[in-house]
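> One structure, pasted below without further comment.
The values are calculated or read from the model by the stated rules, or taken from the named source; none is laboratory data. Quantities reported herein were computed from a predicted structural model and do not represent experimental measurements. Ideal geometry is used to build each Cβ from the backbone, glycine not excepted, and the neighbour counts take in all protein chains shown.
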Ligand SMILES: [Zn+2]
C-alpha cells in the first residue's frame, strides 16, 4: 500500500509537469523582455494555435535569419539616401543584440484563424492583445505557425483603421496556404531575400504606415469581388516592395524601395508619412513619425 501511494504521487507529478511545461524550452521567452531603448520598436512573436505543432522557430534561428535578411535588404536600399550608411528596422532586441522573440500558444484552433484569410491578422491582434501584448509604443510582427486559407501574409493598415480600433500588427502565416505555395516557389526560411522575406517586409512596411494615401502613386484596388477590394496602401510601380496587384499574385522580384523617393521613403512632402522619418527605423530622426502620421 505504501509503495502504491508513493508511485501514484510520482505519476501525478509527471502528468502535471508535462501539461504545464510542454512549450517550455531552454532559451524561450513567454513575455516581452524589458526594453533596452525607448520602447518604440517592432516586437516579434512566434504564435501558434492551440492545436499547432511547435517547430521552435524562435529557438532554431529561423525567425532570426528571416529578420536578418529583411533588415539587410532594407539597409541596402536605404544607403546613400537620408543617411549615407542607410537605415535599419528597429526590431525589439536584447542587450546582446539578438531579437527579443516572444512565444505564445493561443487558445484558438488553426482552422478558426485560417478561415479568416486576409483578415486573420485582425484575429491575431486581438488574441495577442488579450494576452497583454498591446504596448501602445510597439508594433507587433507575428510569425504565425499555422495555415491561412488565402494569403501568405497580411497586415493591419493604421491609416485605414477606424477610430478606436488598434492597428499595430502584421503577420506572416507559415506554412500559410495548405497547398504549400507560401513556402515553395522561392519561399521558406532560407538565407536569402526570397518571397517569404519579401512578403514579411511588405507587411511590416504596411504596419509602419506605408504606402500613405497622400503618396503620388498610391493605389486603391477597385471593387472587383476579390479579397482585396478597396484595399489601399500599395503603389503601382512593378518591382517595388510595396507593389501589389488585386489578384494578390505578384511575379516580380522586389528590387526597389520607393526608388524615386516620391511615395513613402525619403520624399519631401512634409505632410505625408515617410518611412525614413519613422519612429521604427534607426538611425531615427528628431521628431520622428508614428504610423498614423498625417492621417486625418
Ligand atoms: Zn500589401
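> Identify the single condition in (1) under 18 Å from residue 115 (Cβ atoms); (2) out of contact with any helix residue (DSSP H, G or I) (no Cβ under 6 Å at 6 or more places or on another chain) that residue 153 does not satisfy, given that it satisfies every other one.
Residue 153 satisfies all of (1) under 18 Å from residue 115 (Cβ atoms); (2) out of contact with any helix residue (DSSP H, G or I) (no Cβ under 6 Å at 6 or more places or on another chain) except (2).
> Whether any residue in the range 107-121 is buried (at least 19 other Cβ atoms within 10 Å of the Cβ), at pLDDT 95 or above, under 14 Å from the mean Cα position of the chain (by Cα) and more than 28 Å from residue 178 (Cβ to Cβ) is what I want to check.
Within the range 107-121, none of the residues are buried (at least 19 other Cβ atoms within 10 Å of the Cβ), at pLDDT 95 or above, under 14 Å from the mean Cα position of the chain (by Cα) and more than 28 Å from residue 178 (Cβ to Cβ).
> Looking only at the range 87-124, count every residue that is free of Cβ contacts under 8 Å to residues at least 40 places away in the same chain and not in a helix (DSSP H, G or I) and tell me the total.
Number satisfying all stated conditions: 5.
> From the residues in the range 213-225 that are in a loop (DSSP other than H, G, I, E, B) and either within 15 Å of the ligand (Cβ to nearest atom) or in contact with a strand residue (DSSP E or B) (Cβ under 8 Å, 6 or more places away or on another chain) (or both), which one is farthest from residue 259 (Cα to Cα)? Even if it seems obvious, please write down each step before you answer.
Start the filter on the range 213-225 by keeping residues that are in a loop (DSSP other than H, G, I, E, B), which leaves 213-217, 220-225.
Subsequent filtering for residues that are either within 15 Å of the ligand (Cβ to nearest atom) or in contact with a strand residue (DSSP E or B) (Cβ under 8 Å, 6 or more places away or on another chain) (or both) retains 213, 215, 217, 220-221.
Working: 213: 18, 215: 13, 217: 12, 220: 20, 221: 22 Å.
That would be 221.
> Filter the range 140-151 for residues that are part of a strand (DSSP E or B) and either crowded, with 24+ Cβ neighbours inside 10 Å or touching a strand residue (DSSP E or B) at 6+ places or on another chain (Cβ under 6 Å) (or both) and give the result. Reasoning before the result, please.
Looking only at the range 140-151, we keep the residues that are part of a strand (DSSP E or B), and these are 140-144, 147.
Once the filter is applied, which keeps residues that are part of a strand (DSSP E or B) and either crowded, with 24+ Cβ neighbours inside 10 Å or touching a strand residue (DSSP E or B) at 6+ places or on another chain (Cβ under 6 Å) (or both), the range 140-151 yields 140, 141, 142, 143, 144.
> Across the range 213-236, which residue is surrounded by the fewest Cβ atoms within 10 Å (Cβ to Cβ) among those that are modelled with pLDDT of 90 or more and over 14 Å from residue 159 (Cα atoms)?
Here the residue is 216.
> So is residue 154 surrounded by 19 or more Cβ atoms within 10 Å (Cβ to Cβ), assigned to a strand (DSSP E or B) and either touching a residue at least 40 places away in the same chain (Cβ under 8 Å) or within 16 Å of the ligand (Cβ to nearest atom) (or both) or not?
Working: surrounded by 19 or more Cβ atoms within 10 Å (Cβ to Cβ): yes; assigned to a strand (DSSP E or B): yes; either touching a residue at least 40 places away in the same chain (Cβ under 8 Å) or within 16 Å of the ligand (Cβ to nearest atom) (or both): yes.
It is true that residue 154 is surrounded by 19 or more Cβ atoms within 10 Å (Cβ to Cβ), assigned to a strand (DSSP E or B) and either touching a residue at least 40 places away in the same chain (Cβ under 8 Å) or within 16 Å of the ligand (Cβ to nearest atom) (or both).
> Further question on the same structure: For the range 241-259, how many residues meet the condition of being modelled with pLDDT of 95 or more and farther than 13 Å from residue 74 by Cβ?
Final tally of qualifying residues: 1.
> What is the residue count in the range 196-212 for residues that are under 11 Å from residue 153 (Cα atoms) and more than 12 Å from the ligand (Cβ to nearest atom)?
Summing the residues that are under 11 Å from residue 153 (Cα atoms) and more than 12 Å from the ligand (Cβ to nearest atom) in the range 196-212 gives 2.
> Same structure again: Given (1) modelled with pLDDT of 85 or more; (2) within 16 Å of the ligand (Cβ to nearest atom); (3) out of contact with any strand residue (DSSP E or B) (no Cβ under 9 Å at 6 or more places or on another chain), identify the lone condition not met by residue 271.
Among (1) modelled with pLDDT of 85 or more; (2) within 16 Å of the ligand (Cβ to nearest atom); (3) out of contact with any strand residue (DSSP E or B) (no Cβ under 9 Å at 6 or more places or on another chain), the lone unmet condition for residue 271 is (2).
> Name the residue, out of 185, 228, 287, 268, that is within 19 Å of residue 69 (Cβ to Cβ) and assigned to a loop (DSSP other than H, G, I, E, B). Break it down stepwise before answering.
Values: 228 fails: within 19 Å of residue 69 (Cβ to Cβ); 287 fails: within 19 Å of residue 69 (Cβ to Cβ); 268 fails: within 19 Å of residue 69 (Cβ to Cβ).
It is 185.
> Now a separate question. Looking only at the range 157-174, how many residues end up being farther than 18 Å from residue 123 by Cβ and either at pLDDT 95 or above or within 16 Å of the ligand (Cβ to nearest atom) (or both)? Lay out the reasoning, then the answer.
Pass one, the range 157-174, residues farther than 18 Å from residue 123 by Cβ: 159, 163.
This time we only want the ones that are either at pLDDT 95 or above or within 16 Å of the ligand (Cβ to nearest atom) (or both), so: 159.
Within the range 157-174, residues that are farther than 18 Å from residue 123 by Cβ and either at pLDDT 95 or above or within 16 Å of the ligand (Cβ to nearest atom) (or both) number 1.
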